[in-house]
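Handing you a structure now.
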Amino acid sequence: MAFSKPSASGLGTILTVNIPTSDIYNFMGTLTATTQVSAATAGPGGGAGTGTGGADVQSQVVVTVKQNGTTIFTSAAGDLGFGLSAVVCAASDVITFTTSSSLAQDQQPNAIRLTLAVSEGPI
């Protein structure tokens, strides 16, 4: 049974899921990143407007999932989704999802959006 689909934007985002009953839970996350371009290169004379546009830059966001403060999952940098199946939880457990990145383009306001789907019981 699905019971929530929270989302939040920006790095350092913490989504918190408070577990209502003891059971197994499934968490599916999707990261959406804005199109990011590195700085343009200067032209042959060093002037602006004569060089090439910047190159597309792949997001380097990492999602860390903790259960009651203990890390249970860390995504690879740049992954745009993740799934955790059959996580055994007790009533009142707290599951947190945190985004981080050292890439300057990821650190722009609202450059990253994390959407989470949570369900209880077998999938």
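All of the numbers you see were taken from the coordinates with simple rules; none came from a lab. All of these numbers come straight from a predicted model, not from anything done at the bench. Please note: Cβ atoms are built from the backbone with ideal geometry, for glycine as well, and neighbour counts cover all protein chains shown.
Could you please report the charge total around I19, scoring K, R as +1 and D, E as -1 over all other residues with beta-carbon less than 9 angstrom from its beta-carbon?
Taking every other residue near I19 into account, the sum is -3.
Sort D56, D79, D106 by Cβ crowding within 10 Å, fewest neighbours at the top.
Arranged by neighbour count, lowest to highest, D56, D79, D106 become D56, D79, D106.
Can you check what the Kirkwood hydrodynamic radius comes to for region 76-123, Cα pairs only, in Å to one decimal?
Its Kirkwood hydrodynamic radius stands at 13.5 Å.
Describe numerically, in nm with one decimal, the distance between label points set 7 Å from Cα along Cα→Cβ at S9 and at L80.
Distance between label points: 1.8 nm.
A further question follows. Could you please rank V65, V94, V88, placing first whichever residue has the fewest other Cβ atoms within 10 Å of its Cβ?
Ascending number of Cβ neighbours within 10 Å: V88, V94, V65.
Modelled label-to-label distance, Q58 and T96, 7 Å Cα→beta-carbon offset: nm?
Each label point lies 7 Å from its Cα, and together they span 2.9 nm.
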